[in-house]
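This report concerns only the one structure given below.
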Amino acid sequence: MSNGCEKGQVGRVGQVGQMGQVGRVGQVGRVGQVGQVGRVGLLGLALALLSLDVRAADNARQIVDEAQKRTDVTSQRYEGLLQVFDARGKVSDKRWTMERLGAHGQSKAVLRFTVPAEVKGVALLVVNHPDRASDQWMWTPAIERDRRIALQDRATRFFGTDFSFEDLEERDVNHYEYVLAGDDTIDGAACWKIQSTPRESKSSQYTSSTIWIRKDNYAFARIENYLKDQVVRRLNYSNIQNVQGIWTAKQLEMTDIRRGSRTRLTLDKLEYNVPLKDEDFTLQAIRRR
Amino acid sequence: MRRRFNKAFFVCFVLFVSSRYAVVTTQAQTVTQRGFVEGRALLFPREAPNDPTRVVGDLLAREELVVKPAPWVQFATGFDLRANSHDQVEDSWRLDVDDRGVKRPRASLRRLTATVTHGPFTIDAGKQFIRWGKADIINPTDRFAPRDFLTVVDTEVLGVTGVRGVVQHRAETLEVVWVPRFTPSRLPLLDQRWTVISGAAAALPLVDAGSDLPERSQAGLRWGHVGSGFEYSLSFYNGFNNLPNVGLVGQVGQVGQVGQVGQVGQVGQVGQVGQVGQVGQFSVLALTRSYPAIRTYGADAAIPTPWFTIKGEAAYFTSRQSGKAAAADEYLLYVVQIERQTGEWMIVAGYSGDVTTKRRSTLAFAPDRGMARSIVARASYTIDPVRSVAFETAIHQNGRGAFGKIEYSQTSGQHWRATVTGVGIAGHSDDFIGQYHHNSHVRVAVRYSF
């Protein structure tokens, strides 16, 4: 927790570094020297602002990095309930169990549907790579076959829900550039608001994203994904609970703003650091129930 | 046979009882169940020359149960119950185990498999499904997967009885299969519209003179590698083709009484039951099936690129005489396809080809080769979580046969799904696809899953 407090201070300094707030910098002790802008020339001002911007970016990265570190686990298991609400309020439910081995860009996951009955047993094997898009295979028991899923367009909806395949991939901190965009409050909790832009090496359907991270526990509170300058998908994290020392949102709700539909994912029976074996994350293993 | 049935029934009973017990006494994850009941109606706008029936009703109930008493062992079983308005189902309540009948069994054991896992080793023993290959259009390497071809354009894979051992180490997988008992593909019924006899022979009654099923076992070996951004497999199969050589024999009088007078079948378009020559002297045509010994040398690969995924699969078939089955053609069957998922669209397009290296005078029912030399495409679109549409087409490169399908599917609640499918078939009688031009149809299916 002490680590969190230190990061919290760094975060606040970073926020001040935003251009629009420079006028108030003098009031903030640690960056007081930057407030005395009258004594330096234009070049100095520009350099100072640039330097602040770089620090803000560094700090934003540190916040996201810390948030990621705090969710570092060796493995994870949960039962998920996916509820899709379309613009007319119609609901479709899907349930699955998810097991993940490893974390953040270097992990393997098996997702197995349990409801509705007609997709029961359908399994998805996801192998995440730090340097490229994940490999995915699907096992369909009705035809007794596994097949590699073509994912050139990760914008594709995941089984007709409002989550795209990309939304369900792990966001490794190194795949994005970050800039601190200020403070905000989500559901009464103070948050850092961070702008993230995918690096060139990381292809993304989104032009950029805005991430809200809670200051009290470094849990993600919201992500808004942009296409150019328009928000297209909003992911809200709620029911944040401490599970085995890790602050975890047990309910995630993705809204597709253009379609007016939303999908709620509720995590149940969540466990971290469960004993899972590497051989349970293979094409052979997903054939087994 | 009765003894085998009793054994299978006993094992199933034990599995069922143990599963009920397991539900009560152990964790819920140790037992899983899935099943459905599906009613289908096929509506044919045209009568076929040998089959005036235009409406066919079909009912299928399927139940599958998996019991996992320990992490290292699993038992899976599945049963089918069927009914059909057009005599496509046997009129007998025996529990069929080996899927060797001409008609679909009324009650059948779909699978009964024990799976043992230890580290990287997995062994599946019993009646099971073994699928090879990566392509979606046709699978030349998929040699342990006989099919039910009663409706040629809508097939289902049949299980085989054998042992499959797999060892997986990092990116490498080695699979060894041994199938001691042969399971043939189920052919279209002789008196129904999916059996097409052209020419003068069409006027003669066609009778089933039986099958000559191989007694020897089949074996296969497959090595697969999943690399960084690509995967491939090499395979070898030594056994029998589950698609038969067909013998058409002209007979005078009743089958079995007068004996064979002469062979009238001519080698026709592969995949057809053939053009038949001089038949005036005969009163019936008798059809026999024999299954040629084959070896296949196969390979398949999937290569994702930034734009699409390329999938390819090929197998070279050699053949030799075995029992009553003459050696069949030797040929290379291959398919190349590209696949892309874009937005809510999933698109697959490709070409399947066939290169014959040694042609022999055998007549065969071979839908895999019959579909070759075609451009094939498939697209599906997810409208929303409950509705989807799909399109599929196969067009022979010579333009003599084409097939198209459009399907709309919608779910309701957690259990119901309705699917409406329109199938159009056009072409010439000497083409494998085109010969079914009387068989365009609409299919309506309602399924309740549980």
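Farthest towards the positive end of the charge dipole of the stretch B:355-450, among the residues B:Gly413, B:Ala372, B:Thr393, is the Cα of B:Ala372, using unit charges on the Cβ of Lys, Arg, Asp and Glu. Which of A:Lys228/B:Lys134; B:Lys103/B:Lys405; A:Lys90/A:Lys215; A:Lys69/A:Lys120; A:Lys69/B:Lys134 have a Cα-Cα distance over 32 Å? Result: A:Lys228/B:Lys134; A:Lys90/A:Lys215; A:Lys69/A:Lys120; A:Lys69/B:Lys134 exceed 32 Å. By the rule of a C-alpha distance below 12 Å, with chain neighbours fewer than 8 residues away ignored, the aspartates and glutamates paired with A:Lys250 are A:Glu79, A:Asp268, A:Glu271. Working value for the stretch B:45-127: equivalent-ellipsoid semi-axes of 37, 12, 11 Å, each the square root of 5 times a Cα gyration tensor eigenvalue, largest first. Model label sites at A:Ala190 and B:Glu344, defined 7 Å from Cα along the beta-carbon direction, differ in position by 4.4 nm.
For the listed peptides B:141-152, B:425-436, B:71-82, a ranking on the average number of other beta carbons within 10 Å per residue, highest first, reads B:141-152, B:425-436, B:71-82.
So, R0 is 51 Å and r is the distance between the beta-carbons of A:Gln230 and B:Thr53; what FRET efficiency does that work out to, to 0.05? The pair A:Gln230/B:Thr53 has a calculated efficiency of 0.35. Distances between placed amide hydrogens fall under 5 Å for A:Arg145 paired with A:Thr140, all partners being 5 or more residues away or on another chain. Summarising the amide proton neighbourhood of B:Arg110: residues at separation of 5 or more, or on other chains, whose placed amide H is nearer than 5 Å comprise B:Gly78, B:Phe79, B:Asp80. Rounded to the nearest 20 debye, the dipole size of the stretch A:161-258 about its Cα centre is 120 debye, using +1 on the Cβ of Lys and Arg and -1 on the Cβ of Asp and Glu.
Measuring nothing but how far apart in sequence close Cα pairs (under 8 Å, 6+ apart) lie, relative to its length, the stretch B:82-178 scores a relative contact order of 21 percent. Here, the stretch B:282-440 has an Rg and a Dmax of 19.4, 62 Å when only alpha carbons are counted. For the stretch B:167-258, the percent of C-alpha pairs falling in each 10 Å distance bin, counted from 0 to the bin holding the largest distance, reads 12, 28, 23, 18, 12, 6, 1. With each label modelled as a point 7 angstrom along the Cα→C-beta vector, the B:Arg131-A:Leu81 pair spans 3.1 nm. The Kirkwood hydrodynamic radius of the stretch A:119-266, based on inverse pair distances between different Cα atoms, is 16.7 Å. Per-residue mean of foreign Cβ neighbours for A:116-124 is 5 (Cβ atoms of other chains, 10 Å radius).
Across all Cα atoms of chain B, the radius of gyration (one decimal) and Dmax (whole number) stand at 22.6, 71 Å. Amide H contacts of B:Ile383: B:Ser388, B:Val389, each under 5 Å away and 5 or more positions distant or on a separate chain (H built 1.01 Å from N in the peptide plane; Pro and chain starts excluded). From the square roots a ≥ b ≥ c of the eigenvalues of the alpha-carbon gyration tensor of the stretch A:110-160, which class results: rounded (a/c under 1.5), prolate (a/b over b/c), or oblate? Prolate, since a/c reaches 1.5 and a/b exceeds b/c.
3J(HN,Hα) along the stretch B:122-136, derived from phi through the Karplus expression 6.51 cos²θ - 1.76 cosθ + 1.60 where θ = phi - 60°, amounts to 9, 10, 10, 10, x, 7, 8, 10, 10, 10, 10, x, 10, 7, 10 Hz, with x in place of Gly and Pro. Taking 7 Å steps out from each Cα toward its Cβ at A:Ala142 and B:Ile383 produces label points 1.7 nm apart.
Bear in mind these aren't lab numbers, they're just calculated from the coordinates by the rules spelled out. Note that this is a predicted model, so its numbers are computed, not measured. In this analysis, Cβ positions are derived from the backbone assuming ideal geometry, glycine residues included, and neighbour counts consider all displayed protein chains.
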